[in-house]
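The structure appears right after this line, and notes come after that.
The values are calculated or read from the model by the stated rules, or taken from the named source; none is laboratory data. What you are looking at is a predicted structure, and each value in this text was computed from that prediction instead of being measured. Cβ atoms come from the backbone with ideal geometry, glycine included; neighbour counts cover every protein chain shown.
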Amino acid sequence: MMQKIVAATGNAGKIREFKELLEPLGFEIIPIKDLGITLEDPEDAGTFLGNCRIKAREGSRKTGLPVIADDSGLCVDALDGAPGVYSARYAGEDGNSEANIKKLLEELKDVPWEKRTARFVCQMILMYPNGTEILSRGTCEGHIAFEKRGEGGFGYDPVMLTARNFSFAELGEQKKNLISHRGRASRKLAFKLRHITKGRFHDYFKTESRA
């Protein structure tokens, strides 16, 4: 029997990736909107971990089910780590990827290639109704392109280049999941879950938080 986990996000791209990465491991991913629930608590913690914890805690409280949440972003060295936790609303409007990319490229227009280093960061949390949580974190290094490339992916994927000079938007879902920050965080989370004794799964989560 697959264990139900609620995905505390309305981002279709993230939900698709959660499903592709975790459902083969025996977890049924349910988008929180499918339960008629809206997350309302402001994500104002100032860190990736703090923000995903806010989402997971509210989702678990409202659903009574285990909740998976992540807070992800792009950290650019030449911008002192920006946009960081503000990645989704970098240009002022939450989720407007086109505007966010336009602003990013404008701010980097005079920055040479060797200084355009950046990384995708994903902080992930699986929280249970009793407050127990499992944490994982994934990063992926790269460079910011001078212009958009590729039609796939979402967010900053068209301007984030891998070590082999492909944008994340050019990779396709399968290849992207192998190297992406969210893919790495998901696999770390899955590794921890696999090592819980199967018959004592719920007893395990009656004790301490696992980081």
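At-a-glance table
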item	result
Condition broken by Glu141, with the remaining ones in (1) surrounded by fewer than 18 Cβ atoms within 10 Å (Cβ to Cβ); (2) more than 20 Å from the chain's Cα centre (by Cα); (3) under 13 Å from Asn165 (Cα atoms); (4) of a type outside the set (Lys, Arg) satisfied	(2)
Matching entry among Glu151, Glu147 (being surrounded by fewer than 17 Cβ atoms within 10 Å (Cβ to Cβ) and modelled with pLDDT under 95)	Glu151
Search result, residues across the stretch 154-170 that are on the phi < 0 side of the Ramachandran plot, crowded, with 19+ Cβ neighbours inside 10 Å and touching a Leu at 6+ places or on another chain (Cβ under 9 Å)	Tyr156, Asp157, Val159, Met160, Ser167, Phe168
Hey, Glu173 modelled with pLDDT of 95 or more and at negative phi or not	no
Selection from the stretch 154-165 of residues that are over 15 Å from the mean Cα position of the chain (by Cα) and either modelled with pLDDT under 95 or of a type in the set (D, E, K, R) (or both)	Thr162, Ala163, Arg164, Asn165
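Rundown of residues vs (1) acidic (Asp, Glu); (2) touching a helix residue (DSSP H, G or I) at 6+ places or on another chain (Cβ under 9 Å); (3) in contact (Cβ under 8 Å) with a residue 24 or more places away in the chain, yes/no style:
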position	(1), (2), (3)
Thr117	no, yes, yes
Gly138	no, yes, yes
Arg149	no, yes, no
Asn165	no, no, no
Ala169	no, yes, no
Lys176	no, yes, yes
